[in-house]
Amino acid sequence: MSSKVLVKILVLAVSVLIGATFVIADSLDPHGKPDPLKGSGYRVWKAEGDWHILMSSGENKRVFKGYIRCLGNGRITGAWSVKADKRGDHGNWNEREVRFSMTVKEDKDGVDFSADCRKLEFDLLMDDERKPNRVFVGSGGAHPYEMPFRIDNQ
């Protein structure tokens, strides 16, 4: 067995012991909106053909940045900010990728996008750190196992 497989098995075993819901990224079900967050983090879900990434800062000022990349054939067909009043935040997109950087204080903000590619890769940072345990995917609110993570665009 490779060391990468052993590490995944160990992390899954520990997460079961502590009651965490970490899931190997390819098996994440993105359908349905996750429950509201207590504290800061990301909620990621797909509904009615569009993807939604909602960032919540909790009671602190947080910097959220990252990318979503289209893998394989297909493209990103549109992207827009949840809040249009931007406070020096920025984001851009092309047919292959959405990039964003947003400062959020005691509030929520986000990015919505559409894509027709088969698989998407997400790299989501909060205050320049990758925190998979603060990313909640789909109505089950599962966490990705690692960052960046990939999800089938079903």
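Derivation of every value follows stated rules applied to the coordinates shown; laboratory data play no part. Nothing here was measured: the structure is a model prediction, and the numbers come from that model. Note: ideal-geometry Cβ built from the backbone for every residue, glycine included; neighbour counts use all protein chains shown.
Tabulated results
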| read-out | value |
| --- | --- |
| Selection from the range 109-140 of residues that are assigned to a loop (DSSP other than H, G, I, E, B), within 11 Å of the chain's Cα centre (by Cα) and among the small types (Gly, Ala, Ser) | 138 |
| Total residues in the range 33-50, condition over 10 Å from the mean Cα position of the chain (by Cα) and closer than 26 Å to residue 118 by Cβ | 7 |
| Evaluation of residue 77 against (1) out of contact with any helix residue (DSSP H, G or I) (no Cβ under 7 Å at 6 or more places or on another chain); (2) surrounded by 17 or more Cβ atoms within 10 Å (Cβ to Cβ); (3) β-branched (Val, Ile, Thr); (4) within 23 Å of residue 29 (Cβ to Cβ) (one fails), failing number | (2) |
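Results for (1) among the β-branched types (Val, Ile, Thr); (2) touching a His at 6+ places or on another chain (Cβ under 7 Å); (3) surrounded by 16 or more Cβ atoms within 10 Å (Cβ to Cβ); (4) touching a residue at least 12 places away in the same chain (Cβ under 8 Å), shown as yes or no for each residue.
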position	(1), (2), (3), (4)
48	no, no, no, no
65	no, no, yes, yes
82	yes, no, no, yes
101	no, yes, no, yes
139	no, yes, no, yes
